[in-house]
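For reference, the structure is listed below as structure tokens.
The values are calculated or read from the model by the stated rules, or taken from the named source; none is laboratory data. Since we're looking at a predicted model, the values are computed, not measured. Neighbour counts run over all protein chains shown; Cβ positions are idealised from the backbone, glycine included.
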Amino acid sequence: MFGYYLDLALRSLGRNKVLTALMVLAIAVGIGASMTTLTVVHLLSGDPLPGRSQAIFYPQVDADPKNKDSSEPLDMLDYRSALDLWSAKRADRQVMLVQSQVRLNTADAGKPAVMMPMLSATADFFSMFNVPFRYGGPWSEQDDASRARVAVITDDLNQKLFAGENSVGRVLRLRNSDVRIVGVLKPWRPSPQFYAVRGGRFAAGDTSDFYAKPEDVITPFFTGLDVNDGNFQQFTCWQMPPHPGHLQDSPCVWVAFWVQINDANRVAAYRRFVADYAAQQQAIGRFTHSGNTRMRSLMGWLDFNGVLPSNVRLQAWLAVAFLAICLVNMIGLLLAKFLRRSGEIGLRRALGASRAAVFAQYMVESGLIGLIGGVCGWLLTMAGLWFIRQQPVAYADLARLDVPMFLLTFVAAIGASLLAGALPAVRACRVVPAWQLKSL
Amino acid sequence: MTQFAPILSALRRHRLATALIALEIALACAVLCNACFLIVGQLRALHIESGVTESSLAVINLGCDGCKGADLNARVTTALRAVPGVQSVAVVNAVPFAQPAGYAGINLDHEHFIAVPHFYAGGPGAVETLGLQLVAGRAFQPEDFQTAELWLPQNASVWITRAFAERLWPGQDPLGKEFFSDQYHFRVVGVMAHLAPPDPGGGHGDSAGEWSVFVPVNPGGSLNGVYALRANPADLARVLREARAAAQKAAPEAVLDLQQSRTVPELRTDFFRQTRIMVGTLAGVIVALLLVTALGIVGLASFWVQQRRKQIGIRRAIGATRGDILHYFQAENFLIVTVGIAIGMVLTFALNLVLMKFYEVPRLPVYYLPVGALVLWGLGQLAVLAPALRASQVPPMVAARSV
């Protein structure tokens, strides 16, 4: 029966090509616009560490004397607090990290030096965030402690500097220091660059920079502080730092601190540890208050920072509203199309077709329009994503259609057209055969 | 009004199709008004006045790690002044649409934090090079320029923008007034017409984004590495090219930031690229929306015309003119669109409320509604014209033929 309905549907669509084209176009444009924007939303709001994120937390204490227990703590930690919490080693893994701009002098003369972002982190960074290595591996905790002059570089930089060869053992000149490469990463592109997310609530929705690529050079935390001393940026300060760029003893917050706690039962204990630490700091007079400690999970922290850029969200809403209008439009056109064939319906009913059969026939026709619209919509989605990849935004290179969104394109197109077809099909199957036959 | 009576009774027999068109118009009205409103907001941001003579301004940005500020400035400014076509060079810390140099929270009483303006700093000649317009107060004197080791001079005479003065001291004369940031103290000696912060609308200040302070600072110390150049607009691209090379030659140990060493018009274009894409997207949505709505009306109206051929024939046979038939369909469309607009107005305000809640969009001005209504009425009439004309061509013979 399905084959017969399909044949009928094809004939019917062929009979009025303009109307068919209009409906397919409406569905295709609506689906194309919604799927393009929804794909971007989907890519930007995913879990950057699937399977691990629920064990990752971002503890915060508040050293700012101007804040109170009722205020939200500052987005990063001061050096002392970060160092204390990190040294306590009370979590399964813990990492301190800080970013800075560093001058990279390429060994082969002739090329000018460039400034590039450098990440300085403690050794757990790689194991905690599942960072994949192509050559070599991470440095050891000893290297952290001894401020070893070592570094890990990304695949991108390895391609650029060493043509993708195994560069472990080669030397990079960072500012005035030589560091030895101990590891080269595989392509690694977390979305967002979660470990560097902060300050989202001050960004007025313009958060696309949270989707930047990871830094090309990664050094041990203390090594970075030595090598690039004087070039560190604070997140904020409650007083002018006495030595801008050197922040170890400054009234500033500038260090990010992440912990991994595998056992969910121990999360509360760590939370208490953070609160106790703040209370103890208040007792010795370093903090003025200690009641506003926080420990958000990774996803909670991303939510708190509203990582999804607001114009991406707005575009998605617009596209969905547009799809809704396309659907209303399609309902109208299908109604016109189906009822125009009232005579034919009357004849089929008189020859014994049940209402369900008529209904099924028209649903098949709607579904077919949806399928054709879905194919066109998929092409439009690919075009839309291509357009986004050409834009100068940090997440441009992420904009690709993955399998779930590809499938969703067709499910949405067919689902939407079935939805739009249902009402006209109900009207069609309620046609009274006798009236129609009389007027034939 | 009498002509509406038969229309209404006819529509009563086509409730579903009527409701669909009305609903489509209503949704279109809501999206249209709000999208237009968003576009206007974005355009306003696009046309922000920077307060500097952008067309003749370029920037050179050098990152020099471990350089002596005064020495670097001396070498680079000498080299830049030697570039043919350069009218003036000044050491500054930032220019509009380039990398921000310093936002800092300020207070009026050492206690209550009040706003976060951007602090511009510039050496002698910076005011003329940037083209800042003073509307009240006095010009800077040589003794106003002090050396700053850390950030800015401890006690500085500054200019602020009119918008920022209005924020700090609404309705008062700002000249001679003081404000503080940490242990730094500022006295207002001049008011500028405009000076946008480097990233207007970037989360600091109000939506107009003109909370800026200009501090005179002696080059050297913390003020080094960023140089504003003034040249003839027609010459600017070449001057920048040569200035980049000259700066690199004068300070080989420094790193020239190519992203930031640009002409101000280029920096502005880059800064607003996202906004322009948003405007383009919104405009595209509006056009597509109007098109889809119009096509929907054409489709349904054609269907109705076809369905009513016999009735049209009868009306024509008993004396209705072609004009009568044409007007019938036009009036019918007008009626449906009016219902749609009425529902649409409610939806428009509902959507605006949602946007206000989540996107910090201001309240939609009421005059968008009549304008939106006119557009939709026009669209409806345009869309129905072809089917209505076809209806008016139905010959009276149709009535006789199939009876």
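Of all residues being among the aromatic types (Phe, Trp, Tyr) and touching a residue at least 24 places away in the same chain (Cβ under 8 Å) in the range A:304-333, which is farthest from the other protein chains (Cβ to nearest Cβ)? Just the residue, please. Quick ask: steps written out before the conclusion?
So the first thing to find is which residues in the range A:304-333 are among the aromatic types (Phe, Trp, Tyr), and the list is A:304, A:317, A:322.
Pick out the ones that are also touching a residue at least 24 places away in the same chain (Cβ under 8 Å) and you get A:304, A:322.
Numbers: A:Phe304: 16, A:Phe322: 6 Å.
The qualifying residue farthest from the other protein chains (Cβ to nearest Cβ) is A:Phe304.
Grab the strands (runs of 3 or more DSSP E) fully contained in the range A:46-157, keeping just those with 3 or more residues being within 14 Å of chain B (Cβ to nearest Cβ) and either buried (at least 19 other Cβ atoms within 10 Å of the Cβ) or in contact (Cβ under 8 Å) with a residue 24 or more places away in the chain (or both). Before the answer, list the steps.
Values: elements: A:56-60, A:93-105, A:114-121, A:133-136, A:150-153.
Because the criterion is at least 3 residues that are within 14 Å of chain B (Cβ to nearest Cβ) and either buried (at least 19 other Cβ atoms within 10 Å of the Cβ) or in contact (Cβ under 8 Å) with a residue 24 or more places away in the chain (or both), the strands (runs of 3 or more DSSP E) in the range A:46-157 that meet it are A:93-105, A:114-121.
Give me a count of the residues in the range B:262-283 that are of a type in the set (Lys, Arg) and more than 12 Å from chain A (Cβ to nearest Cβ).
Qualifying residue count, the range B:262-283: 2.
Restricting attention to the range B:38-52, report how many residues are in contact with a Gly (Cβ under 9 Å, 6 or more places away or on another chain) and either modelled with pLDDT of 90 or more or within 11 Å of another protein chain (Cβ to nearest Cβ) (or both). Outline the logic, then answer.
At the first step, the residues of the range B:38-52 found to be in contact with a Gly (Cβ under 9 Å, 6 or more places away or on another chain) are B:45, B:48, B:51-52.
Filter again for either modelled with pLDDT of 90 or more or within 11 Å of another protein chain (Cβ to nearest Cβ) (or both), leaving B:52.
Result for the range B:38-52: 1.
Could you list, in sequence order, the residues of the range B:230-247 that are touching a residue at least 12 places away in the same chain (Cβ under 8 Å) and either over 17 Å from B:Leu130 (Cα atoms) or assigned to a helix (DSSP H, G or I) (or both)?
Initial filter on the range B:230-247 (touching a residue at least 12 places away in the same chain (Cβ under 8 Å)): B:230-233, B:235-240, B:242-244, B:246-247.
Within the range B:230-247, B:Pro233, B:Asp235, B:Leu236, B:Ala237, B:Arg238, B:Val239, B:Leu240, B:Glu242, B:Ala243, B:Arg244, B:Ala246, B:Ala247 qualify.
Residue by residue, here is whether (1) of a type in the set (S, T, N, Q); (2) modelled with pLDDT under 85; (3) within 28 Å of the chain's Cα centre (by Cα); (4) in a helix (DSSP H, G or I) holds:
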{"position": "B:Thr348", "(1), (2), (3), (4)": "yes, no, yes, yes"}
{"position": "B:Asn352", "(1), (2), (3), (4)": "yes, no, yes, yes"}
{"position": "B:Pro362", "(1), (2), (3), (4)": "no, yes, yes, no"}
{"position": "B:Trp377", "(1), (2), (3), (4)": "no, no, no, yes"}
{"position": "B:Ala399", "(1), (2), (3), (4)": "no, yes, no, yes"}
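Show the residue pairs meeting these rules: Cβ distance below 9 Å; 6+ apart or different chains; first residue within the range B:351-370 and within 9 Å of chain A (Cβ to nearest Cβ); second residue part of a loop (DSSP other than H, G, I, E, B).
B:Leu351/B:Leu364; B:Leu355/B:Val361; B:Leu355/B:Leu364; B:Tyr359/A:Gly205; B:Glu360/A:Ala204; B:Glu360/A:Gly205; B:Glu360/B:Ser207
If the requirement is being in contact with an Asp or Glu (Cβ under 8 Å, 6 or more places away or on another chain) and within 30 Å of A:Arg341 (Cα to Cα), which of these qualifies: A:Gly421, A:Gly374? Steps first, please.
Details: A:Gly374 fails: in contact with an Asp or Glu (Cβ under 8 Å, 6 or more places away or on another chain).
Result: A:Gly421 is the single residue among A:Gly421, A:Gly374 that is in contact with an Asp or Glu (Cβ under 8 Å, 6 or more places away or on another chain) and within 30 Å of A:Arg341 (Cα to Cα).
Would you call A:Ala336 within 14 Å of another protein chain (Cβ to nearest Cβ), in contact (Cβ under 8 Å) with a residue 24 or more places away in the chain and not in a helix (DSSP H, G or I)?
Numbers: within 14 Å of another protein chain (Cβ to nearest Cβ): yes; in contact (Cβ under 8 Å) with a residue 24 or more places away in the chain: yes; not in a helix (DSSP H, G or I): no.
Judged against the criteria, A:Ala336 is not a match.
Considering only the range A:20-40, state which residues are among the β-branched types (Val, Ile, Thr) and away from chain B (no Cβ under 14 Å).
Passing the criteria: only A:Thr39.
Please verify whether the range A:217-239 includes one or more residues that are in a loop (DSSP other than H, G, I, E, B) and more than 14 Å from every other protein chain (Cβ to nearest Cβ). Talk me through it step by step, then tell me what you get.
Kept after step one, since they are in a loop (DSSP other than H, G, I, E, B), are these residues of the range A:217-239: A:228-231, A:233-235, A:238-239.
Next, from what is left, pick out any that are more than 14 Å from every other protein chain (Cβ to nearest Cβ): none.
Within the range A:217-239 (the criterion being in a loop (DSSP other than H, G, I, E, B) and more than 14 Å from every other protein chain (Cβ to nearest Cβ)), the answer is no, since none of the residues qualifies.
Taking the range B:116-136 as the region of interest, how many residues are crowded, with 18+ Cβ neighbours inside 10 Å and more than 29 Å from the chain's Cα centre (by Cα)?
Step one: list which residues in the range B:116-136 are crowded, with 18+ Cβ neighbours inside 10 Å, which gives B:117-123, B:126-127, B:129-130, B:132.
Filter again for more than 29 Å from the chain's Cα centre (by Cα), leaving B:123.
Here the count works out to 1.
Within the range B:252-299, track down each residue that is of a type in the set (Ser, Thr, Tyr), assigned to a helix (DSSP H, G or I) and modelled with pLDDT of 85 or more. Steps first, answer last, please.
Just the residues of the range B:252-299 that are of a type in the set (Ser, Thr, Tyr), to begin with: B:261, B:263, B:269, B:275, B:281, B:293.
Filter again for assigned to a helix (DSSP H, G or I), leaving B:269, B:275, B:281, B:293.
Those that are of a type in the set (Ser, Thr, Tyr), assigned to a helix (DSSP H, G or I) and modelled with pLDDT of 85 or more: B:Thr269, B:Thr293.
Check B:Phe97 against each of (1) over 18 Å from B:Val255 (Cα atoms); (2) crowded, with 20+ Cβ neighbours inside 10 Å; (3) of a type outside the set (Gly, Ala, Ser); (4) over 27 Å from the mean Cα position of the chain (by Cα) and name the one condition it does not meet.
(4)
Which one is modelled with the lowest pLDDT among residues in the range A:244-261 that are part of a loop (DSSP other than H, G, I, E, B) and either loosely packed, with under 13 Cβ neighbours inside 10 Å or touching a strand residue (DSSP E or B) at 6+ places or on another chain (Cβ under 8 Å) (or both)? Spell out the reasoning first.
Looking only at the range A:244-261, we keep the residues that are part of a loop (DSSP other than H, G, I, E, B), and these are A:244-251, A:254, A:261.
The next check asks that each one be either loosely packed, with under 13 Cβ neighbours inside 10 Å or touching a strand residue (DSSP E or B) at 6+ places or on another chain (Cβ under 8 Å) (or both); those that pass are A:245-247, A:249-251, A:254, A:261.
Values: A:Gly245: 85, A:His246: 90, A:Leu247: 91, A:Asp249: 88, A:Ser250: 91, A:Pro251: 92, A:Trp254: 94, A:Ile261: 94.
Per the stated criteria, the residue is A:Gly245.
Does the range A:419-428 contain any residue that is in contact with a Ser or Thr (Cβ under 7 Å, 6 or more places away or on another chain), within 11 Å of chain B (Cβ to nearest Cβ) and surrounded by 14 or more Cβ atoms within 10 Å (Cβ to Cβ)?
There is at least one residue in the range A:419-428 that is in contact with a Ser or Thr (Cβ under 7 Å, 6 or more places away or on another chain), within 11 Å of chain B (Cβ to nearest Cβ) and surrounded by 14 or more Cβ atoms within 10 Å (Cβ to Cβ).
Identify, from the list B:Ala26, B:Ala19, B:Ala35, the residue that is free of Cβ contacts under 8 Å to residues at least 12 places away in the same chain, within 14 Å of chain A (Cβ to nearest Cβ), crowded, with 16+ Cβ neighbours inside 10 Å and out of contact with any Ser or Thr (no Cβ under 8 Å at 6 or more places or on another chain). Don't jump to the end; show me each part of the working.
Details: B:Ala26 fails: free of Cβ contacts under 8 Å to residues at least 12 places away in the same chain; B:Ala35 fails: free of Cβ contacts under 8 Å to residues at least 12 places away in the same chain.
Every option except B:Ala19 fails the conditions.
Take B:Gly313 and tell me if it is closer than 30 Å to A:Thr207 by Cα, out of contact with any Leu (no Cβ under 9 Å at 6 or more places or on another chain) and either more than 9 Å from every other protein chain (Cβ to nearest Cβ) or outside any helix (DSSP H, G or I) (or both).
Values: closer than 30 Å to A:Thr207 by Cα: no; out of contact with any Leu (no Cβ under 9 Å at 6 or more places or on another chain): yes; either more than 9 Å from every other protein chain (Cβ to nearest Cβ) or outside any helix (DSSP H, G or I) (or both): yes.
Criteria not met by B:Gly313.
So in the range A:339-361, with the set limited to residues that are charged (D, E, K, R) and in a helix (DSSP H, G or I), which one is nearest to the other protein chains (Cβ to nearest Cβ)?
First pass over the range A:339-361, keeping only residues charged (D, E, K, R): A:340-341, A:344, A:348-349, A:355.
From the residues that got through so far, the ones that are in a helix (DSSP H, G or I) too are A:340, A:344, A:348-349, A:355.
On the way: A:Arg340: 6, A:Glu344: 15, A:Arg348: 20, A:Arg349: 19, A:Arg355: 18 Å.
Only one residue fits best here, namely A:Arg340.
Please enumerate the residues belonging to the range B:159-203 that are in contact with a His (Cβ under 7 Å, 6 or more places away or on another chain) and either crowded, with 19+ Cβ neighbours inside 10 Å or in a helix (DSSP H, G or I) (or both). Show your work before the answer.
Let us first name the residues in the range B:159-203 that are in contact with a His (Cβ under 7 Å, 6 or more places away or on another chain), namely B:161, B:178, B:180, B:197-198.
Scanning the range B:159-203 gives B:Thr161, B:Pro197, B:Pro198.
Collect the residues in the range A:386-417 that are in a loop (DSSP other than H, G, I, E, B) and basic (Lys, Arg), keeping them in residue-number order. Steps first, answer last, please.
Let us first name the residues in the range A:386-417 that are in a loop (DSSP other than H, G, I, E, B), namely A:390-395, A:399-402.
Selection gives A:Arg400 alone.
With in a helix (DSSP H, G or I), assigned by TED's automatic domain parsing to the domain that holds A:Leu334 and farther than 21 Å from A:Ala26 by Cα as the only criterion, which of A:Ala420, A:Ala383, A:Ala428 stands out?
Working: A:Ala420 fails: farther than 21 Å from A:Ala26 by Cα; A:Ala383 fails: farther than 21 Å from A:Ala26 by Cα.
On inspection, the qualifying residue turns out to be A:Ala428.
Could you list all residues from the range B:284-300 that are surrounded by 17 or more Cβ atoms within 10 Å (Cβ to Cβ) and facing another protein chain (nearest Cβ under 9 Å)?
The answer is B:Val285, B:Ala288, B:Leu289, B:Val292, B:Thr293, B:Leu295, B:Gly296, B:Ile297, B:Val298, B:Gly299, B:Leu300.
So which of B:Ala74, B:Ala10 ends up being at pLDDT 85 or above and over 22 Å from the mean Cα position of the chain (by Cα)?
On the way: B:Ala10 fails: at pLDDT 85 or above.
Unique residue meeting the criteria: B:Ala74.
Of the residues that make up the range B:214-224, is at least one within 30 Å of B:Gln42 (Cβ to Cβ), over 15 Å from the mean Cα position of the chain (by Cα) and not small (Gly, Ala, Ser)?
Within the range B:214-224, the first condition is being within 30 Å of B:Gln42 (Cβ to Cβ), and the residues that meet it are B:214.
Then keep just the ones that are over 15 Å from the mean Cα position of the chain (by Cα); that gives B:214.
From the residues that got through so far, the ones that are not small (Gly, Ala, Ser) too are B:214.
Yes; the residues of the range B:214-224 include at least one that is within 30 Å of B:Gln42 (Cβ to Cβ), over 15 Å from the mean Cα position of the chain (by Cα) and not small (Gly, Ala, Ser).
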